[in-house]
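Structure first, then comments.
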Amino acid sequence: MKNYFKTIVKYSLLVGLVAFPISCEQYLDVSPNTLISDTEAFEDFTKFQGFTEELYQCIPDFTNGYWTNSWNWGEDEIQSSARDFHFVCKIDNGNLWGWQSQQDGWQAGWMNRNNVSTDNDRFHKDLWTLGWAGIRKANIGLANIDKLNATQEEKDLIKGQLLFFRGWFHFQFIQYFGGLPYIDTVLPSDQPLRLPRLSYAECANKAGADFRAAADLLPVDWDNTTVGKRTLGKNALRINKIMALGYLGKNYLWAASPLMNKESTGSATYNIEFCKKAAKAFGELLTNTEKSDSKYSLLPFTNYSDNFYTTGKNWAIPGGAEAIFRGPYWGANGSNWGTSKQYQPSPILADGDVKFLPTANYVDNYGMANGLPITSITQADAESGYDPTHPWQGRDPRFYNDIVYDGVKCVKGTLPAASESDRYAKLFTGGSYRNISTGSRTGYLLYKFIPITANKYDGGYDWGNNLNIHIPWMRLSDIYLMYAESAAIGYNSPTAKDEAYNKTAVDAINIVRDRAGVGHVANKFLASVDPFMNEVRRERAVELAFEGHRFNDLRRWMLFIKSPYTLKKSIEFDRDPSFSTANPKTNKVLNIRETVILERNLSDKHYWLPLKNADVNMYLEFAQNPGW
């Protein structure tokens, strides 16, 4: 670990004005790269902001960090069998060491890499190395804040950003590893680290203090500040009050959750006081975003995909008014080298052999348009109206947005005559889209992050179509759902609310459902917190599907190692002779069933990722996580 901290020092002491790539110019307007001394770096706002902006270059792009990229590690996704180097495959085998670069010969993981830099190369970003470097850099900036000769607004903007990043990197670490040393001072670079691991709650309180202080210093919108007017319209990625409040609430909700509370107190229950703190932070955020002049809002469902990808918009970064927190997007057209191809069967629609498929058991979370869940894909439900002989009919509109099922039209343009029948998805058992190695293993495809035209026939991933995939770390619908969870648990009722915000827990879920045209939470789930929490968990599974949330949700709820969350299944069925491509939603199927593809063999130790052995062997107080 001593050599590792030398690496941290090396990257943390880089001082300069960072030049962002052309794809980010409309969001962060910065000066050309200029090396300056560590004294000059802090003397005025322009130089200090240049020093601070290197922190943005430490944020990994988990969407496009490799040619193909894995970020869904729960029971939500399974990879094609042609390759096994991504972390999700290692987790399937119980090998959580696989997050570490030493375990990844391909250097495909975004959590840890051997070659890291604050340059503009998406392949040079990782969370572990650059996160610690970012913490040190933030501390260096905070230690020198009194040297800044600037207006109060300028000082507040610099300090607020530094505090946010210190809290953000610590939060990212502790959600995966549990309590760690919280480094809030500049440590001597020539001495080994000797700080003990804190409890999760202790870390969360320190991160909470940083996020709260950042929120109090930062504006809601940089465009409305004197400083921000210098880069008017190009401030969308700059850290602001809403981002700080979002992570303040998330930090407290995670600390409140059963796994984290057990690490802190020994009790595998929610920590009520942390829930109340979370609800308060989210309530403050939502009060701001629901104002008529707010820059934040839920996108109309017709523009839902703008959260995740854009096409034909001159390389515009996805997210729009709903994105709370995004990192920079490096390299125009980077999505098309692999990311856009990892969701389509090869060789039918795309090249490449690494494919990510939605599991059939996870797709079961998508209920009916009336808002009611389906009990089982094979079981009729008179109340919800679900009919297993017509499994695609009457479903939640987000199902049709996210999931390609049997009979969906996947090619709009011209196909070779011999391939014409592949225009429509053949996802029934034995269909041509079904291929364990390079096609669908599960009977479904995931199209949440690509347009239907992103195939080799329609040219949807060609350069000229400007397809850019970039999933935000946090968006507004997530805030509503986290508020619903924290308010309901904190105040012991689905109809409870934070006193400073005018909406209840169930109101928040219904706002998200209204956007998609889904029925409200049924009264039978509002009698107490337990049945309501089932709907909270299902709503998170659907609204935030495949955006990288499920792994940490299952872990914090202490469901990750429990059946059925350890299972990954396929859907099997035959086409009825009446099958038609005219309206695939209404097609009848025969012999529908789900089959287990794999079962993860997990135990309590798999709730936390193992730390690097080189780190934990440095001194006794920095202990390895239990079981590793």
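Just so it is clear, none of the values below were taken in a lab; they were calculated from the coordinates. From a predicted model like this one, the values you see are computed outputs, not experimental measurements. Heads up, the Cβs are rebuilt from the backbone with ideal geometry, glycines too, and the neighbour counts pull from every protein chain shown.
Among the lysines, which have Cα under 29 Å from the Cα of LYS588 when same-chain residues fewer than 8 positions away are ignored?
Hits, sequence-local ones excluded: LYS355, LYS409, LYS412, LYS426, LYS448, LYS568, LYS569.
Quick check on the chain: helices-only [θ] at 222 nm, where DSSP H runs of length 4 and up contribute -39,500 (n - 2.57) each and the sum goes over total residues. Nearest 500, please. Write out the running numbers ahead of the final one.
Numbers: 16 runs with 192 residues, N = 628.
Helix contribution divided over all residues of the chain: -9500 deg cm²/dmol.
Quote to one decimal, in nm, the extra length available between TRP67 and TRP628 on full extension: 0.36 nm per residue of separation minus the C-alpha distance between them.
Answer, rounded to one decimal: 198.9 nm.
May I ask you to compute the full-extension gain from ASN534 to GLN102, defined as 0.36 nm times their residue separation minus their alpha-carbon distance, rounded to one decimal in nm?
Full extension of this stretch gives 151.6 nm more.
Which loop trypsin sites (Lys or Arg not before Pro) in the stretch 349-420, with loop taken from DSSP, have no more than 15 other Cβ atoms within 10 angstrom of their Cβ?
Answer in residue order: LYS412.
Would you work out the Kirkwood radius for the stretch 362-446? I mean one over the mean of 1/r across all pairs of different Cα atoms, in Å. All intermediate terms of the calculation are to be shown ahead of the outcome.
Working: mean 1/r = 0.0710 Å⁻¹.
Value: 14.1 Å, from the Cα pair sum.
Working from the pairwise distances between different alpha carbons, so that the mean of 1/r is found and then inverted, what is the stretch 529-628's Kirkwood radius in Å?
Taking the inverse mean of 1/r over all distinct Cα pairs, the stretch 529-628 comes out at 17.6 Å.
Net charge near ASN534, counting Lys/Arg +1 and Asp/Glu -1 over other residues with Cβ under 14 Å of its Cβ?
So the surrounding residues net to -2.
Taking the Cβ of each residue in ARG434, ARG475 as the centre, tally the other Cβ atoms inside 10 Å and list the residues starting with the fewest. Intermediate values should be presented prior to the final figure.
Values: ARG434 20, ARG475 26.
Lowest count first: ARG434, ARG475.
Would you calculate the separation in nanometres between label points at GLU273 and LEU415, each defined as 7 Å from the Cα along the Cα-to-beta-carbon direction?
Between GLU273 and LEU415, the label points sit 6.2 nm apart.
Mark the label point 7 Å from the Cα of ASP576 along Cα→Cβ and return the residues of the stretch 377-393 whose backbone N is within less than 18 Å of it.
377-382, 385-393
Please report HIS520, HIS606 as a ranked list, fewest other C-beta atoms within 10 angstrom at the top and most at the bottom.
In increasing order of surrounding Cβ atoms, one gets HIS520, HIS606.
Give, rounded to the nearest 20 debye, the magnitude of the charge dipole that the chain has about its Cα centre when Lys and Arg contribute +1 at Cβ and Asp and Glu contribute -1 at Cβ.
Dipole of the chain, to the nearest 20 debye: 540 debye.
Any idea what the alpha-carbon Rg over 2.2 N^0.38 Å comes to for the chain?
0.95
Considering the options GLN175, ASN115, ASN95, tell which one lies farthest towards the positive end of the dipole of the stretch 61-188, charges being +1 on Lys and Arg and -1 on Asp and Glu at the Cβ, about the Cα centre.
ASN115
Does a label point 7 Å from the Cα of ILE452, set along Cα-to-beta-carbon, have any residues of the stretch 394-411 with amide nitrogen under 13 Å, and which are they?
Within reach of a label on ILE452: 400-411.
Under 26 Å between alpha carbons, and skipping anything fewer than 8 positions from LYS291 in its own chain: which lysines qualify?
Partners found: LYS229, LYS234, LYS241, LYS250, LYS276, LYS277, LYS280, LYS497, LYS503.
If one takes the longest principal axis of the Cα atoms in the chain, at what angle in degrees, from 0 to 90 and to the nearest 10, does the Cα axis of helix 152-177 lie?
Helix 152-177 sits at roughly 50 degrees to that axis.
Roughly how many nanometres apart are two label points built 7 Å out from the Cα toward the Cβ at THR287 and GLU153?
Taking the simple label geometry, THR287 and GLU153 are separated by 2.4 nm.
Take peptides 359-369, 417-427 and line them up by average Cβ neighbours within 10 Å, highest first, as a rough protection proxy.
In decreasing order of mean packing, 359-369, 417-427 become 359-369, 417-427.
Where does each of THR302, THR231 land when they are ranked from fewest to most other beta-carbon atoms within 10 angstrom?
THR302, THR231
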